[in-house]
Amino acid sequence: MKLSVIGCGYLGAVHAAAMARLGHTVVGVENDERRYEALSKGEVPFYEPGLPEMITAEIEAGRLTFTRDIADATDAEVHFVCVGTPQTPGRHAADMTYVNGAIDGLLPVLRPGAVVVGKSTVPVGTAAGIAERLDEHGTDVSLVWNPEFLREGFAVQDTLEPDRIVMGVGPGERGQQAGKVLQEVYADILDTGTPLVVTDFPTAELVKTAANAFLATKISFINAMAELCETTGGDVTKLSEALGHDARIGRRFLNSGIGFGGGCLPKDIRAFMARAGELGADQALTFLREVDAINLRRRDAAVGVVMAWLGGRVVGKRIAVLGAAFKPDSDDIRDSPALSIAEALHVRGADVVLHDPKALANARRKSPQLGYADTVEQAAHGADAVLVLTEWQQFRDLDPAVLGEIVAGKRVFDGRHALDPDRWRAAGWEYKTLGRPHA
Ligand code: UDX
């Protein structure tokens with residue numbers, strides 16, 4: 001089939017390449033000149049394992065092209081809207097500028113019978129509004145809402161082998177028909193037995209925000225338990241292990257530490273609360289305020305531990321921060337707990353030197369006031385404390401004996417329960433973390 005993907009950021013670039021991999025002919029529409037130039041050459045302007053290879057292969061196979069001109073999407077039978085919905089500056093609500101802009105751009109190029117598929121994470125009620133606009137335009141075009149659940153670092157796999165496909169369709173035969181067209185697009189994925197949930201627009205929109213709210217709540221739950229462990233002498237890692245054996249609870253997303261960040265969970269729970277407020281249903285989501293607060297408190301707790309450790313003042317102390325990305329296998333620093341802790345220590349007067357295997361350039365751009373090092377060794381050289389704040393495998397594998405030779409003070413803070421305390425202690429280090437006062 002002929003498809004277009006409007007917006008080739010994180011979601012769109014992966015989706016465009018994955019749809020080409022399924023055998024479709026795909027044109028990716030990207031306004032941003034730099035991103036467009038990069039993608040056209042098979043380069044990916046962010047780090048995502050497997051994606052550059054897939055884009056290059058699909059361009060070479062002739063199934064994938066990129067353009068800056070939406071008119072090149074005129075032939076497409078299905079248009080995927082994959083633009084971003086960031087947090088509005090100064091407010092909790094999602095910024096809908098790009099979604100509205102994508103629809104404005106699409107209207108003149110839609111051919112009769114085309115299907116528009118919304119994949120962006122939007123406030124509930126958005127799809128109904130877009131469907132109305134399409135109808136007013138009188139183009140006999142249908143809308144399907146098809147949220148995306150991909151995780152950074154696993155984006156290719158999550159797109160080609162999703163754990164479910166959700167389709168929100170409009171009323172009546174026309175809605176059903178549009179759903180059928182999208183099922184045709186995803187036929188190869190559905191044939192492998194992937195569960196399909198067909199629903200109405202608001203439910204489809206809610207599935208995405210509800211899923212992210214649930215995941216955020218699960219992380220904040222275990223981080224609240226970490227706070228209790230700190231006051232009672234318990235061990236939150238053992239608590240996670242024991243809770244996780246209950247199949248009803250499950251072990252995943254019970255990793256405590258410095259909390260969640262990234263381009264999705266923090267902004268999505270805030271936008272969800274803002275939308276509930278607009279709809280007069282704010283009470284239903286008041287608990288998410290607490291989820292957000294617990295999450296942010298973990299950053300303060302990490303700063304507090306390091307400050308106290310270094311005698312209550314960090315002015316002139318050298319602190320090596322290992323990790324800037326919001327999670328490993330990513331170069332994304334949006335709302336990263338690691339970077340926010342590094343910034344907080346810098347503000348308090350510490351000489352912070354940061355290293356990250358992939359996120360260094362992004363971190364440097366966002367926080368030029370921090371020191372940066374190309375290797376762990378350079379960052380740790382002469383440090384009074386080493387903070388592991390993103391659980392990259394290379395940090396887990398560090399040799400405490402070797403690192404102990406170059407630091408000024410053998411203090412390691414483990415913000416992600418990524419290190420073995422016994423191993424580091426055996427090499428002469430003091431070890432501290434959150435939620436395990438006796439580890
Ligand atoms: C998330 C959702 O998982 C995905 O389904 C959605 O489409 C987009 O948002 P992503 O932001 O890529 O994906 O990252 P995720 O793996 O969910 O991690 C989010 C944050 O939570 C990271 O900062 C991670 O370090 C943190 N986290 C995750 C924890 O602190 N503990 C955990 O147990 C799991």
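Close Cβ contacts (under 7 Å, 6 or more residues apart or on different chains) running from residues in segment 150-171 that are within 18 Å of ARG21 (Cβ to Cβ) to residues that are charged (D, E, K, R) and in a helix (DSSP H, G or I) comprise LEU150/ASP158; LEU160/ARG21. For segment 304-327, filtering for residues that are open to solvent by 10 Å² or more (accessible area, probe 1.4 Å) and of a type in the set (A, V, I, L, M) leaves 5. Comparison of ARG365, ARG348, ARG318 shows that the only residue that is more than 16 Å from the ligand (Cβ to nearest atom), out of contact with any Phe, Trp or Tyr (no Cβ under 9 Å at 6 or more places or on another chain) and in contact (Cβ under 8 Å) with a residue 60 or more places away in the chain is ARG318. Considering each of THR159, THR121 in turn, give the residue that is part of a helix (DSSP H, G or I), assigned by TED's automatic domain parsing to the domain that holds TYR98 and within 23 Å of the chain's Cα centre (by Cα). Matching residue, one of THR159, THR121: THR159. Taking segment 10-56 as the range and being part of a loop (DSSP other than H, G, I, E, B) and basic (Lys, Arg) as the test, only LYS41 passes. Just checking, which of SER340, SER330 is among the hydroxyl-bearing types (Ser, Thr, Tyr), closer than 25 Å to GLN87 by Cα, assigned by TED's automatic domain parsing to the domain that holds VAL407 and open to solvent by 10 Å² or more (accessible area, probe 1.4 Å)? Going through SER340, SER330 in turn, just one is among the hydroxyl-bearing types (Ser, Thr, Tyr), closer than 25 Å to GLN87 by Cα, assigned by TED's automatic domain parsing to the domain that holds VAL407 and open to solvent by 10 Å² or more (accessible area, probe 1.4 Å): SER340.
Can you find a residue in segment 124-137 that is in contact with a strand residue (DSSP E or B) (Cβ under 7 Å, 6 or more places away or on another chain) and within 16 Å of the ligand (Cβ to nearest atom)? Within segment 124-137, none of the residues are in contact with a strand residue (DSSP E or B) (Cβ under 7 Å, 6 or more places away or on another chain) and within 16 Å of the ligand (Cβ to nearest atom).
Taken over segment 214-255, the criterion of being assigned to a helix (DSSP H, G or I), open to solvent by less than 40 Å² (accessible area, probe 1.4 Å) and within 11 Å of the ligand (Cβ to nearest atom) is satisfied by ALA216, LYS218, ILE219, SER220, ILE222, ASN223, ALA226, SER240, GLY244. Taking the criterion of being within 16 Å of the ligand (Cβ to nearest atom) and in contact (Cβ under 8 Å) with a residue 12 or more places away in the chain, the residues of segment 272-299 that qualify are PHE272, LEU288, VAL291, ASP292, ILE294, ASN295, LEU296, ARG297, ARG298, ARG299. Mind checking whether some residue in segment 267-275 is more than 22 Å from the chain's Cα centre (by Cα), at pLDDT 95 or above and basic (Lys, Arg)? For segment 267-275, residues more than 22 Å from the chain's Cα centre (by Cα), at pLDDT 95 or above and basic (Lys, Arg): absent. Does at least one position in segment 261-271 carry a residue that is away from the ligand (no atom under 13 Å from the Cβ) and open to solvent by 10 Å² or more (accessible area, probe 1.4 Å)? Yes - at least one qualifying residue is present in segment 261-271.
The values are calculated or read from the model by the stated rules, or taken from the named source; none is laboratory data. If you're wondering where the values come from, they're calculated on a predicted model, not measured in any experiment. Quick reminder, even Gly has a Cβ in these numbers, built from the backbone with ideal geometry, and neighbours come from all protein chains shown. The area values use the complete protein model at the heavy-atom level, side chains included, leaving out ligands, DNA and RNA. Shrake-Rupley method; radii C 1.70, N 1.55, O 1.52, S 1.80 Å.
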